[in-house]
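Quick notes on the structure that follows.
What follows is calculated from the coordinates using simple rules that are stated; it is not laboratory data. Keep in mind it's a predicted model, so treat the numbers as computed, not measured. Cβ sites come from the backbone with ideal geometry, for glycine too, and all protein chains shown count toward neighbours.
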Amino acid sequence: MEINDLLIFLKVAESNSITKAAEELGYVQPNVSERVKKLEGELGVPLFDRTNRGVEILSAGEIVQNYANKIMSLIEEMKGTVRSEIEIYNIGTTQSIAKIYLEKRFAENESMCSLFVESNLTLKKLLKNNEVDMVITNRFLNDTTFKKIHHIKENLILLKSINKKKVDLQTETFFVSRDQKCPFRQHTLQYIQDKSLLNSQVIEIDSFDIILTMVSAQKGIAFLPESSLDNGFETANDIEPKVFEINFYIRKDSNKSIPNFLIS
């Protein structure tokens with residue numbers, strides 16, 4: 001029994017006509033009739049009742065139809081799994097998300113992924129132009145061509161090095177990203193305004209890794225994801241955490257299999 005025979009059988013069952021099935025499949029009618037008869041011969045039972053109006057599926061045919069659909073579904077699942085293992089999946093994200101969310105997952109999984117680390121504005125353009133398969137961002141992307149498939153919540157807290165004994169907010173240095181759309185930056189600036197602190201206390205650094213290094217070296221403090229506590233940090237005060245979302249977007253017309261480790 002060949003897979004193609006099952007495909008032909010399913011098309012005949014769907015259209016209730018050997019002639020229509022042949023037209024849709026691009027085959028000549030005798031070829032379709034022969035393949036159906038071959039399948040019936042292998043199974044030892046008729047699958048269709050031939051009439052002047054076309055064909056009507058019999059009870060045995062309904063059983064075969066049910067199994068054939070399952071087989072075809074498994075084949076498609078197999079193809080998708082194989083493609084996901086050999087295709088390079090392109091991901092666009094920010095420095096902070098790459099560090100706090102993707103770094104460990106990349107190290108622990110073998111899926112082939114390419115990473116684009118860009119600003120939030122650039123990420124939207126990359127997905128729009130189909131240059132990446134997924135964008136992981138802490139922003140809401142309002143675009144009808146995108147589909148949000150997943151999100152996680154993270155607490156944003158003010159952190160210092162565990163070796164830093166005292167924090168004086170009136171003189172402390174706050175590290176922020178230069179990305180104007182970074183929620184960590186926006187929250188920091190709002191906090192400084194609410195506390196009537198000085199803008200001169202803010203130092204902009206383009207590298208999220210360097211911000212972590214500077215905080216670790218007791219050069220200042222920063223609003224960082226709660227997961228950063230694993231890097232030798234502790235809360236700088238008793239401020240209530242601010243919840244923010246990390247959102248996962250793909251194009252609506254995407255048919256590329258998503259690596260499971262990204263959204264598990």
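Figures for the structure shown
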{"quantity": "Label point at E77 placed 7 Å out along Cα→Cβ; residues across region 231-264 whose backbone nitrogen lies under 18 Å", "calculated": "257-261"}
{"quantity": "Cα principal axis extents for region 154-244, largest first, Å", "calculated": "27, 25, 25"}
{"quantity": "Rounded to 10°, Cα long-axis angle of helix 29-43 versus longest principal axis of the chain", "calculated": "90 degrees"}
{"quantity": "Ranking of V202, V64 by count of other Cβ atoms within 10 Å, fewest first", "calculated": "V202, V64"}
{"quantity": "Those aspartates and glutamates that a straight Cα-Cα span of less than 18 Å connects to K124, excepting residues fewer than 8 apart in one chain", "calculated": "D133, D143, D179, E245, D253"}
{"quantity": "Most to least packed among 169-175, 207-213, 145-151, 107-113 [average Cβ atoms within 10 Å]", "calculated": "207-213, 169-175, 145-151, 107-113"}
{"quantity": "Only Lys, Arg (+1) and Asp, Glu (-1) charged, at Cβ; the chain dipole about Cα centre in debye", "calculated": "720 debye"}
{"quantity": "Directionally averaged shadow of region 58-213, computed from the convex hull of its alpha-carbon atoms, nm²", "calculated": "14.3 nm²"}
{"quantity": "Angle between the chain longest axis and helix 183-194 axis [Cα atoms, degrees, rounded to 10]", "calculated": "30 degrees"}
{"quantity": "Estimated inter-spin distance, Q193 and I63, nm [label 7 Å along Cα→Cβ]", "calculated": "7.3 nm"}
{"quantity": "Anchor K195: aspartates and glutamates whose Cα lies under 15 Å away (excluding residues fewer than 8 positions away in-chain)", "calculated": "D168, E172, D238, E240"}
{"quantity": "Residues M134, M1, M214, M72, sorted so that the one with the fewest Cβ neighbours within 10 Å comes first", "calculated": "M1, M72, M214, M134"}
{"quantity": "Gyration tensor verdict on region 1-138 (Cα atoms; rounded if a/c is under 1.5, prolate if a/b is larger than b/c, oblate otherwise)", "calculated": "prolate"}
{"quantity": "Local electrostatic count, L39, Cβ distance below 11 Å [Lys/Arg +1, Asp/Glu -1]", "calculated": "-2"}
{"quantity": "Amide proton proximity set for F48, modelled H, under 5 Å, gap of 5+", "calculated": "L58"}
{"quantity": "Shape call, the chain: gyration tensor on alpha carbons, a/c limit 1.5", "calculated": "prolate"}
{"quantity": "Selection from N4, A60, S96 lying farthest towards where the dipole of region 1-117 points positive, charges on Cβ", "calculated": "S96"}
{"quantity": "Charge dipole (the chain, unit charges on Cβ, about Cα centre) - positive-most of S17, P241, N130", "calculated": "P241"}
{"quantity": "Principal-axis tilt of helix 3-15 within the chain, Cα atoms, nearest 10 degrees", "calculated": "80 degrees"}
{"quantity": "Ranked Y191, Y89, Y249, Y67, criterion: other C-beta atoms within 10 Å, fewest first", "calculated": "Y67, Y191, Y89, Y249"}
{"quantity": "Proximal lysines to K128, defined as alpha-carbon separation beneath 28 angstrom and excluding residues fewer than eight positions away on the same chain", "calculated": "K79, K99, K104, K147, K148, K153, K181, K252, K256"}
